[in-house]
1. Which lysines does Lys211 reach when only Cα atoms under 22 Å apart count, and residues fewer than 8 places away in its own chain are ignored?
2. Please work out the Cα center distance from the range 199-216 to the range 1-50, rounded to the nearest Å.
3. Averaging sequence separations of C-alpha pairs under 8 Å and six or more residues apart, then dividing by the length of the chain, give the relative contact order as a whole percent.
4. Based on the alpha-carbon gyration tensor of the range 3-213 and its eigenvalue square roots a ≥ b ≥ c, which shape applies: rounded if a/c is under 1.5, prolate if not and a/b is larger than b/c, or oblate?
5. Using θ = phi - 60° and the Karplus form 6.51 cos²θ - 1.76 cosθ + 1.60, what ³J(HN,Hα) does each residue of the range 183-191 get, whole Hz, x for Gly and Pro?
6. With a point put 7 Å past each Cα toward its Cβ, work out how far Tyr99 is from Gln143 in nm, to one decimal.
7. Quick one: Karplus J couplings for the range 40-55, per residue in order, coefficients 6.51, -1.76, 1.60, θ = phi - 60°, nearest Hz, x for Gly and Pro?
8. For the range 79-192, report the translational diffusion coefficient in µm²/s to the nearest whole number, using Stokes-Einstein at 4 °C, 1.567 mPa s, and a Kirkwood Rh over Cα pairs.
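Derivation of every value follows stated rules applied to the coordinates shown; laboratory data play no part. None of these values were measured; they are calculated from a predicted model. Cβ coordinates were reconstructed from backbone atoms using ideal geometry, including for glycine residues, and neighbour counts include every protein chain displayed.
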Amino acid sequence: MEPKLFVQAIIKFSSGLLLVGVLLFLPAGTFDYWQAWLLIGILFIPMFIAGLIMMRTSPDLLRKRLNAREEEAEQKEVILFSGLMFLAAFIIAGLNYRYGWIVLPPWVSYAAAVVFLLAYALYAEVLRENEYLSRTIEVQEGQKVVDTGLYGIVRHPMYMSTIILFLAMPLVLGSVISFGIILLYIPIIAKRIRNEEAVLEEGLDGYREYKNKVRYKVIPFIW
């Protein structure tokens, strides 16, 4: 285990946990927001376990996932819009709990939690299949086109899983208003995909042929 990587991962994890907690509990005005605790549990416990596994088995992949510095100007805009979207969605969810604007039955939160965990498993499989995944858009040295497994079905299975994850989040929190806000993620990620594919076509050998082979970007038979 690399001490520097471990410290970096713990700092990222702790700061993310603290930020989500503040964004949810402060607007809610209470720690007695059970849907927030449910989301924190299903989000951060698997994340912690996955981080430990990656640290032991794939430290290079973990290092790439921790590197969030985008060089593409267009992607910096995508990150900004995504951040604002999540900021608004979490704050609104907390306020919705405090003031009871639209109250969803508890089974919605539980069902959404199951969907969230299934999408998390899908995300983990994407990480297993593609060792070149990073949080930034780039063509890495020695990178090859991955066209098997989930990548033989859609070109961007990672975004497929994140769409499901993010749309499940506000329902776990019991906020249909926040769900409407998170729907903005779809055009945001569409913008990211357009830029990413342009970068890959230009710098990754065989990507144009892969696009012709795998027709759908994110959702089979739809998108």
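1. Lys211 reaches Lys144, Lys191.
2. 36
3. Answer for the chain is 27 percent.
4. Judged from the Cα gyration tensor, the range 3-213 comes out prolate (a/c at least 1.5, a/b above b/c).
5. 4, 5, 4, 5, x, 5, 6, 5, 5
6. Modelled inter-label distance: 4.4 nm.
7. 4, x, 6, 8, 8, 5, x, 4, 5, 5, 4, x, 5, 5, 5, 5
8. Diffusion coefficient, whole number: 83 µm²/s.
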